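The values are calculated or read from the model by the stated rules, or taken from the named source; none is laboratory data. The structure presented is a predicted model; accordingly, all values stated were derived computationally and were not measured. Glycine gets a Cβ as well: all are built from the backbone with ideal geometry, and neighbour counts include every protein chain shown.
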Amino acid sequence: MFKKIRLVNPHYRVLMRNIVVIIISVSFIPLILVSSTIYYQFRTSYREKVYAHLRDLVQNHTHNIDSFLGEKLGDIRFLAESFGYDHLSNESFLQEKLAVLQKDYGPVFVDLGVVNPDGKQIAYAGPFKLDKAHYSDAEWFQQAMQRQYFISDVFLGLRGLPHFIVAVKTSRDGHTWILRSTIDFVAFNTLVESIRLGETGFAIILNKEGKLQTTPMSKPSLDTIPAKSIYAEFLENPAGAVDKIRVAVKSDSFDQKTIFVASFLKNGDWLLVYQQQFADAFADLNKTFTITTIMMLLGPLCIVIMAITLSKIIVNRIAQIDEEKQLMNVKVVETGKLASVGELAAGVAHEINNPVAIMVEEAGWMGDLLEEEEIKNSKNLAEFRRAIGQIKDQGRRCKEITQKLLSFARKTDGTVQDIEINEVLEELVALSAQRAKYALVTIQTHFEQNLPHLKLSLSELQQVFLNLINNSLDAMETKGGSLTIESRLEKDRIVVEVTDTGMGIPEANLNRIFDPFFTTKSVGKGTGLGLSICYGIIDKMGGKIEVRSTVGQGTTFTVHLPVTAEDAGA
Amino acid sequence: MAKTPQKRATPQISLLLVDDEVGFVEVLSKRIIRRGMSVTAASSGSEAIQALRRRDFDVAVLDLKMEDMDGIEVLKIFKKMAPAMPVIMLTGHGSENSAREGIKFGAFDYLTKPYELEDLIRKIKEAIGQGGNCDE
């Protein structure tokens, strides 16, 4: 139905481009606005949520670690306050108490020891041979002597293994002693390590000097031991920031954008630093962004394809309508012309019939009078009779001519009526007889008799066949020939063939002869509409028109006309 | 072609001829009179109605297209005034539709101009024969 050729017309190309641009801009602008707004809002709130979550996490973890340390200290304090020096300096008593603690808390408490103010260990219970050890130079001992309770930093100690010490100083009954316990480093490390998120999240604890208090699980891709420059800012001014959780986004030593969340614990002695790579923390967001981006690319692609397809359909439809309108206009003009010619012919025919009737009557009257006796004897009687007969004959001829004119011009509308096809053809042949004579063309007709009636528009059929006959006569104009018109019944169709022995149509033109405005006649001679109108009429009637031609031999137009069921039976 | 006139051998057929073409009415009257009928000519519809008021006719020949009144209108009036009178219509119109319409309104038959006088005479006689005044 759609011919792509139509889009060659610049008018339609511009129209199509405009439609495409309008559709695309109307679709794109809101899409881009909505998408970017939603993405921006989503990203902002998601970030806030992630940071808030990390803060909560670190805060909880800080509490957990603090309470772990507090608990351990509490246990040792309870022990120190519950029992006197006598009991505690007894190693078997200490062994007993250590066993109780280990039973309650697992292997968190590694050993117990009682140290006198000189730094000498008086009693010891534990797996190591540490009795009589001297701690007077140890940092924890000096700190513990100054305070009531003390939890040391992690250090290697006398055994060369990382550990830290919980120490409680007690003065009672004239004795001053320190009850100390080694806290299992592995258990503590596991507690700190338990905060693991995503692929890259982990926590470490640093002391005030920035020394590691835990050993992070080693992963070669992770910057597990951060450079001092990264956490230096967290260690500054710890007094004012003890209860604060601070968040910073920095590049780690591997140059990965990383989120650092820091919180002080153990009253500002230690700093818990949680770190996670930015990309990991926002993995979901990045995934969403990727999906959105793909959709943002695919959506517009669909819109563009849709816009182009839709515009093509619309423009093609418009082009088709324009073409139909143009054809219709031409048809209306043609029909109008025919109608006015018809009216004129009818008027002339009527006006002529009356005077011709009078002439014939007068001639008849003369014939009557010739019967009078006196004229009967005239020697020219025979000549009078011949002349009168001639007037009558010519009058009859006038009548025939006017009748043909009238019957052709009677109706130039599309009113459907019962049609005897052979009669129509006969009439047209008679009408074309004169032209055929001048073109030296003999017209032959082979009509199958008793064909069923057609229910079609007479004037349209006349138009079609007159056109075909005229075309045939044109084709034979130069050297004459013969025109054969044949009618026959084939199944439920009446087939009419108009065959001439004219110049024929070249094969290259055969496909185009039904196209509007296609003509091989010189400018001003043909409109190129005749056959296209024929085609339109026959097509509308539900029939078809075909052409066969051989150059130099002639052309045959075959018209198939549908016979409606009721008539076929008649 | 020419029949011997049957002068007053049988009761004369009286004919009302209506046509607005004066030349046509004149020559046709002469020819019909020559064939033994009496003709009253009227050159318009109203003239014809007046003539019919004055007397009865055996048959009327009526042109379908006239200046003052349409032939069909005149026919209807004729059928009211003298329902028994057969009416033959003449038409210069190539189209026979109006003539057929006339038959619907009670006309006996029609002829298209120009015609052979013999055809008209035959139709007149047929009409009267049908009407009961057989002449042949």
* To do: Scan the range A:343-386 for residues that are more than 9 Å from chain B (Cβ to nearest Cβ) and exposed (fewer than 14 other Cβ atoms within 10 Å of the Cβ) and report the count.
  => 16
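Just to check your reading of the model, which residue among A:Glu477, A:Glu460 is acidic (Asp, Glu) and not in a helix (DSSP H, G or I)?
Working: A:Glu460 fails: not in a helix (DSSP H, G or I).
Answer to the selection: A:Glu477.
Given the structure, is A:Val429 of a type in the set (Val, Ile, Thr), closer than 24 Å to A:Lys544 by Cβ and touching a residue at least 60 places away in the same chain (Cβ under 8 Å)? Explain how you work it out, then say what you get.
Numbers: of a type in the set (Val, Ile, Thr): yes; closer than 24 Å to A:Lys544 by Cβ: yes; touching a residue at least 60 places away in the same chain (Cβ under 8 Å): no.
Criteria not met by A:Val429.
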* **Residue satisfying condition, being at pLDDT below 80 and in a helix (DSSP H, G or I), within set A:Val360, A:Val348** => A:Val348
* Asked: Here are some residues: A:Thr288, A:Thr200, A:Thr293. Which one is at pLDDT 85 or above and closer than 30 Å to A:Tyr40 by Cα?
  -> A:Thr293
* **Sole exception among (1) farther than 23 Å from B:Gly92 by Cβ; (2) surrounded by 13 or more Cβ atoms within 10 Å (Cβ to Cβ); (3) at pLDDT below 85 for A:Arg396, by number** => (1)
* **Any pair with Cβ under 7 angstrom, 6 or more apart, that starts in the range A:36-63 at a residue that is closer than 16 Å to A:Asn286 by Cβ and ends at one that is assigned to a helix (DSSP H, G or I)** => A:Tyr39/A:Thr292; A:Arg43/A:Leu285; A:Tyr46/A:Leu285; A:Val50/A:Ala281
* **Any hit, the range A:140-150, residues being buried (at least 20 other Cβ atoms within 10 Å of the Cβ) and over 30 Å from A:Lys244 (Cβ atoms)** => yes
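Would you be able to say whether some residue in the range A:51-72 is of a type in the set (D, E, K, R) and over 30 Å from A:Phe278 (Cβ atoms)?
Going through the range A:51-72, the residues of a type in the set (D, E, K, R) turn out to be A:55-56, A:66, A:71-72.
Subsequent filtering for residues that are over 30 Å from A:Phe278 (Cβ atoms) retains A:71-72.
Scanning the range A:51-72 turns up at least one residue that is of a type in the set (D, E, K, R) and over 30 Å from A:Phe278 (Cβ atoms).
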* In the range B:111-126, residue surrounded by the most Cβ atoms within 10 Å (Cβ to Cβ) [restricted to those that are under 18 Å from B:Ile33 (Cα atoms) and at the interface with another protein chain (Cβ under 9 Å from one of its Cβ atoms)] -> B:Leu117
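Is at least one residue of the range A:322-338 touching a Phe, Trp or Tyr at 6+ places or on another chain (Cβ under 8 Å) and at pLDDT 80 or above? Please lay out each step first, then the result.
Applying the first criterion (touching a Phe, Trp or Tyr at 6+ places or on another chain (Cβ under 8 Å)) to the range A:322-338 yields none.
So far as the range A:322-338 goes, no, none of its residues is touching a Phe, Trp or Tyr at 6+ places or on another chain (Cβ under 8 Å) and at pLDDT 80 or above.
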* Structure fact -> Selection from the range B:30-53 of residues of a type in the set (Ser, Thr, Tyr) and either crowded, with 20+ Cβ neighbours inside 10 Å or more than 20 Å from B:Ile128 (Cα to Cα) (or both) yields B:Ser43, B:Ser44, B:Ser46
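Among the candidates A:Lys103, A:Lys129, which residue alone is in a helix (DSSP H, G or I), charged (D, E, K, R) and surrounded by fewer than 21 Cβ atoms within 10 Å (Cβ to Cβ)?
A:Lys103
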